1. T471: outside any helix (DSSP H, G or I), under 22 Å from F510 (Cα atoms) and open to solvent by 10 Å² or more (accessible area, probe 1.4 Å), yes or no?
2. I'd like the full set of residues that are in a helix (DSSP H, G or I) and either closer than 23 Å to A380 by Cβ or not assigned by the TED database to the domain that holds A461 (or both), limited to segment 422-441.
3. Have a look at L430, L378, L407, L374 and point out the one that is over 20 Å from I356 (Cα atoms) and within 18 Å of the chain's Cα centre (by Cα).
4. Which number in (1) open to solvent by 60 Å² or more (accessible area, probe 1.4 Å); (2) within 26 Å of S365 (Cα to Cα); (3) not aliphatic (A, V, I, L, M) marks the one condition that E295 misses?
5. Check off (1) free of Cβ contacts under 8 Å to residues at least 60 places away in the same chain; (2) in a helix (DSSP H, G or I) for L275 and give me the number that stays unchecked.
6. Exactly one of these conditions fails for D776: (1) assigned to a helix (DSSP H, G or I); (2) in contact with a helix residue (DSSP H, G or I) (Cβ under 7 Å, 6 or more places away or on another chain); (3) at pLDDT below 75. Give me its number.
7. With respect to N353, is the statement that it is open to solvent by less than 10 Å² (accessible area, probe 1.4 Å), assigned to a helix (DSSP H, G or I) and at pLDDT 90 or above true?
8. Does G229 meet the test of being modelled with pLDDT of 85 or more, within 58 Å of the chain's Cα centre (by Cα) and not basic (K, R)?
Amino acid sequence: MFQRSKMRDEHWRAGPGARTAGAMRYMAAWMRPWLLLLLLSWVGAEPPDCPVPSTSSSVETGNKGIELMKAGNKEQAATCFWRAADSAERSEEASEENGNMQDAVEAWQQMFDVQQSIDIVPDLHQLARIPPMLMKLGLHQQAVDAWQTAIQLHPNAAEAKANFGATLHQLGMYDEAIKFYEMSLQANPNLHAVYENLASLYREKGEQDKAQQVRNRLEKVVKANKSSGKTYMQLQEMGLDHLNAGKYVEAEKFFLEALGKEGGDNYAIHFNLGLVYFFLRQWDKSLASYAKSLEHNPNFSHSYHGIGNVYETNRIYDKALENFFKTVQLDPLAADTYFNIGTVYQQMKQHENAVIYLRKSAEISESSGAYINLGVSLKALGLVNEAIESYYKAVAKHPLPQAFGNLASALHEIGRDKEAIEVARRGVQLDGNYAHGYNILGTLLRPSKGTGGTTSEAKKAYETALILAPTFVDATLNLAGLLVEEDEFDNALRVVRAARRLDDEDPRLFMEYFNLKRRVADWSHWDLNLRELSKMLRRQMATSPKLSLQPFQAETYPISVELCRDIAAHFSKQAARVGEEVEDHKETGEGGKFDISEQREWNPSRRVKVGYVSSDFKQHPLSYLIQNLFLFHDKSRFEIYCYATSPNDGSMYRKKISEESCRGSATSARWEGDAIDSYISDRKGTPPEIACTQGHGDQCLYKEKMLYMPHSYQLNDHKQAHHAIIDSGPLPRSQVQASHPLLNSSVVYVNFNSYQKDIIANVDGSVLCILLRENDDYEHSLANERLITSPLTDARNNLLRMGAADLHLDTLLFNGHTTTTDSLWAGVPVLTTPGIRHASRVAASSSSLFHDVPHMSVPTLEEYVQQAIVLGRRREKLEELKSKVRSQRLETPLFDTQR
């Protein structure tokens, strides 16, 4: 009933800002030309057609250009050199390797040569890319020559002369620099940054008077332009400084002021405003700014990327993808955009598509984040080994803590637990504030995981996660679950109650709170909590594919039949969707994938293959009941398989079923939600009027066809496994509770499911025997001498102990299933009141197979209480019931496993 331990994979999300940070950093660098001079960086049009794959290296693309040149196809050769140059330059930006930069320079020059040979004047913005790279390579003279070539080809371009002046300035060639600064100002006297650079040059020469003269010239230009004194370039720089510092309101102010300056109304300013509004979550303004940027430069891919970010953040995935795809059309090497496409598909649960684009992002950028998210989608598709490989690549590229956490989870999934724990520890050592890592480590160290960890180690890890992130719901639920495993229910309730004080909206916390209150018999605010539970489940079904209450659990709650049915339908749809997603990708364990899609013609000469699917082939009541079931199958007619959807817990039941009963026990299985055609029950447990075999009314729980067993739906192994109980008889009462003076003379009611009190108060000398776990702290209203607590024990001793009782008081909303069977095998009558749902009719179904034993099933709660009191006061009637139950145990169909 309680939340299972959670060890979720974590996506690498550097946050909305970081997804645009690549573009933002690019703009910041791009808007800061040498010596803060001018914007002279090239933004290309849509990549021209070069007949090589987009993932080809710069060398491969350049060689294709040479091949086309030799074939006389100069125009297409030029496109290949363009692609080669751009690719090499990007590779240099990512790796800082000068070899790639040299390749870029050579490719650009080859393209220019080809263009001039076919009478095309190279674009100034393209020419301007070469000199900065040559300067970085230390090829200063070649950089000078490159600027001279650009000026010869574009003699009226003031920006080219200004940037050439800046290059000469950096090389210490002051007189030549002054010459070209002045030439640029003569061509365009409004280039404010040139005045600043020229004044700086004179100050470096020690000529302060000339520096002041330049400043005076700038002031005159400013006044003439009615400027506030700051150029748009200065304002832009100040805006970028504040943007990078996270001061978005201040950045907006400077960018807006820059727009009003001469030259300031350009695509770069509008793009940066789009970023500002994105971080301020002013979505309409952000979209408008990006659109304005594209009006100025329709081929500026970063603006499409920005628009995609806005739509992705707002979960408008179709428009996000539309703009991301426009980005990569303009820029086929935009690794960040391929990454975002992948994350959108992940959010849409389309992991096959996510893998395609995350893999492409990883191939281009080799970034740790891309490998992490690629691993998440591979694991979601069941490709655990490939996911592990991707996580290891992420760790090798850049050891982000998310990579260690996800890797540990994946390793645990395939049984490499020692390695998983070591990896998880490395993750938290790398980042001591990584709460998710401590949560994963805690889950791996839980004793129930069988990894050799201890309760104290797991508890410490969970508590550390909650210290770092007090509202971390998964860690809260995991800590509470650990305490439940240790029977510390009150402590678990305190943990969840504390978490709800910080977050009273999370449905998972409310569900755990509700469960734990029931477990410790805290019925305060019951009606209010029950109403809130129903509302919460309805909200979850409307907004999330996952629910906090599973269909089987729902039958244990006093909620409407309609809500129970809707919960089951919701889970069915989710199971079908997941099944379709992993259809061709699910990795298998010991026994393979469970696939029911294949339809074969009936062949009487061939054995029928029968598969049993369960998550309870482990230490669980189901396995306790069916442990010898499979031995009764006719192996000449049937071939038996067992598919476990839970890990091997090493229990005797799992071993017996795997090695002795079934052909093989697979570690995983899946089937689509609508693949189950029939529901096996009996007419007492699921009457036709409840099953709705003739229609679908408000009380209908099932849409499957009912297959009614002639006697009881439930089988058990008691006759084989516990026949000695009949031979030996129950334990003497003195051995059950030797210190209790009333036990031998009183009526003993037993309940190993829940607590019953009212009946005991009305039967003098009666006692109630209940199951009490080691750390239970139940505050009951009965005097201590009227309440006998019995600890957990093994199956044989439990049956012997139970046989000392007089009457089993069944729980009404969710009957005893295995407990009822145990009681009847021990010779103890079971008093029950059947409800509407199958879970509340199991005891009535089992008890009905004992003939001439009246009054064991009554229709109302009032009659239930009255019958228990009457039987307690009339010992002779109770003894008669007990005698009839014990005499029929070997004959009743309930215990006839073979039948």
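1. Working: outside any helix (DSSP H, G or I): yes; under 22 Å from F510 (Cα atoms): yes; open to solvent by 10 Å² or more (accessible area, probe 1.4 Å): yes.
Considered against the rule, which asks whether it is outside any helix (DSSP H, G or I), under 22 Å from F510 (Cα atoms) and open to solvent by 10 Å² or more (accessible area, probe 1.4 Å), T471 comes out as yes.
2. Narrowing segment 422-441 to residues in a helix (DSSP H, G or I): 422-430, 435-441.
V423, A424, G427, A435, H436, G437, N439, I440, L441 - these are the residues of segment 422-441 that are in a helix (DSSP H, G or I) and either closer than 23 Å to A380 by Cβ or not assigned by the TED database to the domain that holds A461 (or both).
3. Numbers: L430 fails: within 18 Å of the chain's Cα centre (by Cα); L378 fails: over 20 Å from I356 (Cα atoms); L374 fails: over 20 Å from I356 (Cα atoms).
Just a single option satisfies the conditions, and that option is L407.
4. (2)
5. Against the list (1) free of Cβ contacts under 8 Å to residues at least 60 places away in the same chain; (2) in a helix (DSSP H, G or I), L275 comes up short only on (1).
6. (1)
7. Values: open to solvent by less than 10 Å² (accessible area, probe 1.4 Å): no; assigned to a helix (DSSP H, G or I): yes; at pLDDT 90 or above: yes.
When the stated conditions are applied, N353 does not pass them.
8. Details: modelled with pLDDT of 85 or more: no; within 58 Å of the chain's Cα centre (by Cα): yes; not basic (K, R): yes.
It is false that G229 is modelled with pLDDT of 85 or more, within 58 Å of the chain's Cα centre (by Cα) and not basic (K, R).
The values are calculated or read from the model by the stated rules, or taken from the named source; none is laboratory data. None of these values were measured; they are calculated from a predicted model. As a convention, Cβ positions derive from the backbone with ideal geometry for all residues, glycine included, and neighbour counts pool all protein chains shown. Protein only, heavy atoms only, side chains kept; ligands, DNA and RNA dropped before computing areas. Shrake-Rupley method; radii C 1.70, N 1.55, O 1.52, S 1.80 Å.
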